[in-house]
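All remarks here apply to the structure that follows.
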Amino acid sequence: MNYRGGEDVSWDLSQHPFGMTVEPLPYSTSIAAAWDVVEKIVQEYRWCDLTFNGTAWECQIDLEKCIAPSAPLAICLAALKAVGYDSSPLPALRDSGP
């Protein structure tokens, strides 16, 4: 955990410890930023497949598949699932696969 002034700031990505403002990249909305995620996945010897099924984007990383209305969002959700994050609290974005 990271502490600043006695408070946990592990998840505070908006403030840099030296006072600089840090804006996270728009991974779930920008294909350029999301492609950085794909490149990182491929570097870690993972398999990644991105397809458009006619109505939505499907991204599969190893055995984890997500379906979303945009390619960047599908990439991000599949990447999160691939590293063990449960995206099921997002009911509108659950995949329809097994």
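Of note:
- In the stretch 26-72, the residues that are of a type in the set (V, I, T), touching a Pro at 6+ places or on another chain (Cβ under 9 Å) and in a helix (DSSP H, G or I): I31, V37
Let's see how each residue does on (1) of a type in the set (F, W, Y); (2) modelled with pLDDT under 90; (3) surrounded by 15 or more Cβ atoms within 10 Å (Cβ to Cβ); (4) under 14 Å from the mean Cα position of the chain (by Cα):
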| position | (1), (2), (3), (4) |
| --- | --- |
| E7 | no, yes, no, no |
| V22 | no, yes, no, no |
| Y45 | yes, yes, no, no |
| C59 | no, no, yes, yes |
| P72 | no, no, yes, yes |
| A82 | no, yes, yes, yes |
| L93 | no, yes, yes, yes |
| P98 | no, yes, no, no |
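- Of everything listed in (1) assigned to a loop (DSSP other than H, G, I, E, B); (2) modelled with pLDDT of 90 or more, the single unmet condition for W11 is (2).
- For the stretch 61-70, residues that are small (G, A, S) and surrounded by fewer than 20 Cβ atoms within 10 Å (Cβ to Cβ) total 1.
- Long-range neighbours under 6 Å by Cβ, at least six apart or interchain, first residue closer than 8 Å to Q60 by Cβ within the stretch 38-50, second of a type outside the set (G, A, S) and modelled with pLDDT under 85: none
The values are calculated or read from the model by the stated rules, or taken from the named source; none is laboratory data. These numbers were taken from a predicted model, which means no experiment stands behind them. Virtual Cβ from ideal backbone geometry, glycine too; neighbours counted across all protein chains shown.
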